[in-house]
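Trainee: For reference, the structure I am asking about is given below.
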Amino acid sequence: MKIRYLFLCLLAGPFLLAGKLPEGCRDILLSPEASPAVERAARDLAGLMERSFRERPRLRREPLLGLGRGLRIGPAPRHPALDMDPLTDEILVERSGSGLGIHGADNSATVMAVYRFAEVFLGWRYYQPGPLGLERLDHPPDFPRAEGERAILLLETPSFQSRRLSGIQPRGMAADWPDWRRWHGLRERYQYNHSVHRVVPPQLFEEHPEWFAKGRDGLPKRPPFPEVNGYNDHPDLRSRALRDWVAGQALASLAEKTPLVLPEDFEAPPPPPGRGTRQRVRRSPGLLSLSLSLGDSYIFGSFPEGYRARPDGFFRRWPDWSPHVFRYSNAVAERILEVYRRSQWAAPEPRPQLRFGCLSYLVWENVPDVAVHPSIVPWLTFDRSQWHDPAARADDLALLRKWSGKSEHPPGTWDYLFGYGFMIPRSLSGIVRESIPAIHEAGIDSYYSQIGAIWPFDGHTNWLTVKLLWSHRADGEALLEEYYREFFGPAAEPMRRFHAIAEKAWMEQDGPSWWLRYWKDPYHVHLLPPGLRVEMRALLEEASLLARTRPPRPEPGLAPDRFRERVEDVSATFALTEAFAAYMEAVFSLQAGLQSLRRGEAIPFPALLSKAARVLYLRSELLEATSRYREEPPPRARAPDLSWVFRYDSAGGAIADLVRRAPNVALRERAGILFERWNQLRGGSAFSLARDGPFEEILYDNDFSKIEDRRIWQRQFLPSEGLSLRPLPETGGFEVRNARRGHLYQLFRIEPGKAYLGELVATPRQSPTGQVALRIDFLDADLEPLETGFPRARILPPGRGPARQSLAVISRPPEEAEYGRLLIRFFELDPGRPVDLHEVRVWSLPVDPAP
């Protein structure tokens, strides 16, 4: 309550000056049907009116018989101006004989109407969650008269039926501030997220192995993860018993969470075992929805040659499993609906429509060659940040139009406007401005995007997104102009140029576009080279100076230095970008220096040790900067997660290789100390490398001459369009081309008291995101993988090293390990560009467990 009081005081302003509310607005009258959420919105409105007019209206329930005058707030589903469709969030502001009225088609829509009233008639904006997000236009509109002829002052229906952004509220923000999502009219009506992996958990394998994916031998495969995990192989969707189980769980969930009474002849199955769960049900006026969507995996198992829904082609370079998935989805939907129609609805309102959200995702994105059940709402997944590529834009819109013509109901779409997962600002305002109107015109009327907002970088993009979801015909450029002018004040111009540099860097990136390119990939540092970062820092300094020397006009209730604070939020976040970039570039420099040493070039060994020491210093600086950033108040609370930054860490292998290669005892000692520091920063178990060796080479095949011998080399590759794996007899080695996901590996025996250093020599010919990575992991006596926590090493981005590259990786086995595995991983290789593998080696390095 104290925080709530402080919020209201902020709205009221520090000076409780005498003022006058507009005529007819001294009372805010809540209708009897108004929900607690409407009442909260009305309290926020009362605070905003107090801030605007220096006098606070009274908030009370509407008197009996509707007598009394005031600003009336409440749902009005039967108002003649509304369309009576329960699936539209219509809002209405009117002048009637009893004064002004704010209404919606239901309580949720009424909340939207209250905040739209604050924007349209009071000039308030809520640009981002929390106290710094609140602003009033420099030139607020005239408040409408309560007296006069009856008139509809505002009548709006959102462009999209369902609207949701996730990861928007900053962690740690007081719940008493207005909910940014409700303020901006976000409301989700469908359930469509990954669900089948929860309904069919791995524990069911013991009782029903026949429900699970089959191996090449036709026998059921135990899921690779023992607990619920979206990356477990998909179950065998052909199984009638599996389909009955999934349908039964859905019906049981409907009976638990709605007034549905199932027929007596229906026997509900027991809940899924372990951590499995039944499908979630989303209930809104006139609609029930639940998800039939599969998990995240690419793997469906093996099927007989004659199975008609087995992929016989590719779509977007993936194997096309759409017919297989939608045959299953159709069958489950019909099973559920057959029982739903025979059930009783024990509630006064009419029985709602029942619709099923089904993701069209990765290897089942394509429009299937079978009819789609009329109760299914397809949800198409596409990363529209890839609209920097005109071909990706055209491909996306073409598929949306094709799906719109296929399904009974307009499809939804799942976008990925991520802030989280990037250590650089990547302004997507231009893409949002173009894509949201375009997808609406293509037939999409439900929208969801994962965000994971880092507000100082993403505020303008997120605000523009919600505004266009409300009205896809809004002028996006005018909205952005308002944002910069009102949010940054005198610093608007340099802040706009700051974001323009980030946006240009993203839009002009090289290499092919693909789903989630650069997300959680530290090589996106490549997009902001040092010169651009210097220019962006200069713009932040200019913005800070303008915000300090030209403060906003005094405005009771708003922080007098709010423009400066907003600029400083961006500046503090960009300092993390700078620390991250400095660290990554130091790693690249160390890795390139080691390659020169391996090629026999004359490079002073102490210079390499200095490069390694700089990497460790900058890593420590990055960790400390991130820790300080997390301690700041919201909206900075969403700080980057560095685990994916250090997932690819070539520094440890490089420093271990310096220990092995050191030309004398003194330099080996210095390298050993640096390795111990790296291991400490990594957070792993304490150990050091024995300085005196011996360092023994142990791998059986070093030059890929035995690559076709499956007793030595194993390979696993996802089928991909144009995938080619072939030895190179002329030059030696092995070529990999057009791989989207895959790896090669060779096993080796391990010994106690040793760490293992792996090295790969390859010619990659890839863009920064065409990944070739090296890892050493370990297996137990049953060849089950064991977790070690050691990172991977990865080839350098283009221009950072020679055409023929080498990289090293270090790892230490856990006690229960029996075997080591040198694994070469390929991820999203550029189409048509081969990777040539030349040499691979593993050395055993003696360790001292107590450095």
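The values are calculated or read from the model by the stated rules, or taken from the named source; none is laboratory data. Since the structure is predicted, the reported quantities are computational estimates derived from the model, not experimental observations. Cβ placement follows ideal geometry from the backbone for every residue including glycine, while neighbour counts extend to all protein chains displayed. Calculation scope for accessible area: heavy atoms of the full protein, side chains included, ligands and nucleic acids excluded. Shrake-Rupley method; radii C 1.70, N 1.55, O 1.52, S 1.80 Å.
Trainee: Count, please, the residues in the range 347-372 that happen to be touching a Gly at 6+ places or on another chain (Cβ under 8 Å) and buried (at least 23 other Cβ atoms within 10 Å of the Cβ).
Mentor: 1
Trainee: Here is a further query. Just give me the residues in the range 123-138 being crowded, with 19+ Cβ neighbours inside 10 Å and hydrophobic (A, V, I, L, M, F, W, C), in sequence order.
Mentor: Scanning the range 123-138 gives Trp124, Leu132, Leu134.
Trainee: Moving on. Could you please give the count of residues in the range 200-246 that are farther than 19 Å from Arg327 by Cα and buried (at least 20 other Cβ atoms within 10 Å of the Cβ)?
Mentor: Of the residues in the range 200-246, 6 are farther than 19 Å from Arg327 by Cα and buried (at least 20 other Cβ atoms within 10 Å of the Cβ).
Listed here are the residues, each with its yes/no results for (1) over 25 Å from Tyr361 (Cα atoms); (2) surrounded by 21 or more Cβ atoms within 10 Å (Cβ to Cβ); (3) touching a strand residue (DSSP E or B) at 6+ places or on another chain (Cβ under 6 Å); (4) free of Cβ contacts under 8 Å to residues at least 12 places away in the same chain.
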| residue | (1), (2), (3), (4) |
| --- | --- |
| Ser253 | no, no, yes, no |
| Gly286 | yes, no, no, no |
| Ile299 | no, no, no, no |
| Ser302 | no, no, yes, no |
| Asp312 | no, no, no, yes |
| Phe315 | no, no, no, no |
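Trainee: Could you run through the range 377-404 and say how many residues are assigned to a helix (DSSP H, G or I) and aromatic (Phe, Trp, Tyr)? Even if it seems obvious, please write down each step before you answer.
Mentor: Our first condition is that a residue be assigned to a helix (DSSP H, G or I); within the range 377-404, this holds for 384-388, 390-404.
Checking the rest, the ones that are also aromatic (Phe, Trp, Tyr) come to 387, 403.
So the answer is 2.
Trainee: Continuing with the same structure: Could you tell me whether Pro323 is open to solvent by 10 Å² or more (accessible area, probe 1.4 Å), in a helix (DSSP H, G or I) and over 26 Å from Leu254 (Cα atoms)?
Mentor: When the stated conditions are applied, Pro323 passes them.
Trainee: Of these, Asp383, Asp395, which one is open to solvent by 40 Å² or more (accessible area, probe 1.4 Å) and either at pLDDT 95 or above or over 22 Å from Gln191 (Cα atoms) (or both)?
Mentor: None of the other options fit; the residue is Asp395.
Trainee: Failed condition for Ser291, given (1) in contact with a Gly (Cβ under 8 Å, 6 or more places away or on another chain); (2) open to solvent by 30 Å² or more (accessible area, probe 1.4 Å), with all others met?
Mentor: Here Ser291 meets the rest and fails (2).
Trainee: Among the residues of the range 833-851, which ones are part of a loop (DSSP other than H, G, I, E, B), more than 17 Å from Phe687 (Cα to Cα) and either open to solvent by 40 Å² or more (accessible area, probe 1.4 Å) or touching a Ser or Thr at 6+ places or on another chain (Cβ under 6 Å) (or both)?
Mentor: Arg833
Trainee: Within the group Trp463, Trp414, which residue is under 21 Å from Asp320 (Cβ atoms), among the aromatic types (Phe, Trp, Tyr) and in contact (Cβ under 8 Å) with a residue 24 or more places away in the chain?
Mentor: On inspection, the qualifying residue turns out to be Trp414.
Trainee: So which of Gly652, Gly684 is assigned to a helix (DSSP H, G or I) and surrounded by 15 or more Cβ atoms within 10 Å (Cβ to Cβ)?
Mentor: After applying the criteria, what remains is Gly652.
Trainee: Scan the strands (runs of 3 or more DSSP E) fully inside the range 693-781 and keep the ones with 1 or more residues being open to solvent by 10 Å² or more (accessible area, probe 1.4 Å), farther than 30 Å from His524 by Cα and touching a residue at least 60 places away in the same chain (Cβ under 8 Å).
Mentor: 741-749, 754-763
Trainee: List the helices (runs of 4 or more DSSP H) inside the range 453-557, counting only whole elements, that have at least 3 residues being more than 30 Å from Phe160 (Cα to Cα), open to solvent by less than 20 Å² (accessible area, probe 1.4 Å) and at pLDDT 95 or above.
Mentor: 492-507, 530-549
Trainee: I've got another one for you. Would you check if there is a residue in the range 139-154 being loosely packed, with under 15 Cβ neighbours inside 10 Å, in contact with a helix residue (DSSP H, G or I) (Cβ under 7 Å, 6 or more places away or on another chain) and within 29 Å of Arg564 (Cα to Cα)?
Mentor: Looking for residues that are loosely packed, with under 15 Cβ neighbours inside 10 Å, in contact with a helix residue (DSSP H, G or I) (Cβ under 7 Å, 6 or more places away or on another chain) and within 29 Å of Arg564 (Cα to Cα), one finds at least one in the range 139-154, hence yes.
Trainee: If the requirement is being among the hydroxyl-bearing types (Ser, Thr, Tyr) and closer than 23 Å to Pro158 by Cα, which of these qualifies: Ser31, Ser35?
Mentor: Ser35
Trainee: From the list Leu608, Leu658, Leu623, Leu642, pick out the single residue that is surrounded by fewer than 20 Cβ atoms within 10 Å (Cβ to Cβ) and modelled with pLDDT of 90 or more.
Mentor: Step by step, each of Leu608, Leu658, Leu623, Leu642 is checked, and only Leu623 is surrounded by fewer than 20 Cβ atoms within 10 Å (Cβ to Cβ) and modelled with pLDDT of 90 or more.
Trainee: Something else now. Go through the range 438-448 and give me each residue that's under 12 Å from Leu468 (Cβ atoms) and in contact with a helix residue (DSSP H, G or I) (Cβ under 7 Å, 6 or more places away or on another chain).
Mentor: Filtering the range 438-448 for residues under 12 Å from Leu468 (Cβ atoms) gives 438-440, 447.
Of everything in the range 438-448, those that are under 12 Å from Leu468 (Cβ atoms) and in contact with a helix residue (DSSP H, G or I) (Cβ under 7 Å, 6 or more places away or on another chain) turn out to be Ala438, Ile439, Tyr447.
Trainee: Here are some residues: Arg189, Arg181. Which one is within 21 Å of the chain's Cα centre (by Cα) and surrounded by fewer than 22 Cβ atoms within 10 Å (Cβ to Cβ)? Spell out the reasoning first.
Mentor: Numbers: Arg189 fails: surrounded by fewer than 22 Cβ atoms within 10 Å (Cβ to Cβ).
From the options Arg189, Arg181, the qualifying one is Arg181.
Trainee: Give all pairs with beta carbons closer than 9 Å in which a residue from the range 347-364 that is under 17 Å from Glu334 (Cα atoms) meets a residue that is part of a loop (DSSP other than H, G, I, E, B) and at pLDDT below 95; count only pairs at least 6 apart in sequence or on separate chains.
Mentor: Pro352/Pro86; Pro352/Pro285; Pro352/Gly286; Gln353/Leu87; Gln353/Gly286; Arg355/His409
Trainee: Now a separate question. If you go through the range 558-567, how many residues are surrounded by fewer than 17 Cβ atoms within 10 Å (Cβ to Cβ) and in a helix (DSSP H, G or I)?
Mentor: Residues in the range 558-567 being surrounded by fewer than 17 Cβ atoms within 10 Å (Cβ to Cβ) and in a helix (DSSP H, G or I): 1 in total.
Trainee: His524 - would you say it is more than 19 Å from Glu135 (Cα to Cα) and of a type outside the set (Asp, Glu)?
Mentor: Yes.
Trainee: Consider the range 286-320. How many of its residues are under 30 Å from Pro350 (Cα atoms) and assigned to a loop (DSSP other than H, G, I, E, B)?
Mentor: Residues in the range 286-320 being under 30 Å from Pro350 (Cα atoms) and assigned to a loop (DSSP other than H, G, I, E, B): 3 in total.
Trainee: Moving on to the next point. Restricting to the range 416-427, give me the number of residues that are within 26 Å of Tyr190 (Cα to Cα) and more than 9 Å from the chain's Cα centre (by Cα).
Mentor: So the answer is 0.
Trainee: What's the total number of residues in the range 68-91 that are under 33 Å from the mean Cα position of the chain (by Cα) and farther than 24 Å from Arg43 by Cβ?
Mentor: 4
Trainee: Follow-up. Just give me the residues in the range 118-135 being in a helix (DSSP H, G or I) and at pLDDT 95 or above, in sequence order.
Mentor: Ala118, Glu119, Val120, Phe121, Leu122
Trainee: Is it the case, given these coordinates, that Asp830 is acidic (Asp, Glu), in contact (Cβ under 8 Å) with a residue 24 or more places away in the chain, assigned to a strand (DSSP E or B) and surrounded by fewer than 22 Cβ atoms within 10 Å (Cβ to Cβ)?
Mentor: For Asp830, the condition - acidic (Asp, Glu), in contact (Cβ under 8 Å) with a residue 24 or more places away in the chain, assigned to a strand (DSSP E or B) and surrounded by fewer than 22 Cβ atoms within 10 Å (Cβ to Cβ) - is not met.
Trainee: Has the range 583-598 got at least one residue that is open to solvent by 30 Å² or more (accessible area, probe 1.4 Å), within 19 Å of Arg497 (Cβ to Cβ) and touching a Pro at 6+ places or on another chain (Cβ under 8 Å)?
Mentor: There is no residue in the range 583-598 that is open to solvent by 30 Å² or more (accessible area, probe 1.4 Å), within 19 Å of Arg497 (Cβ to Cβ) and touching a Pro at 6+ places or on another chain (Cβ under 8 Å).
Trainee: Within the range 133-153, track down each residue that is over 44 Å from the mean Cα position of the chain (by Cα) and not small (Gly, Ala, Ser).
Mentor: Scanning the range 133-153 gives Arg145, Glu147, Glu149, Arg150.
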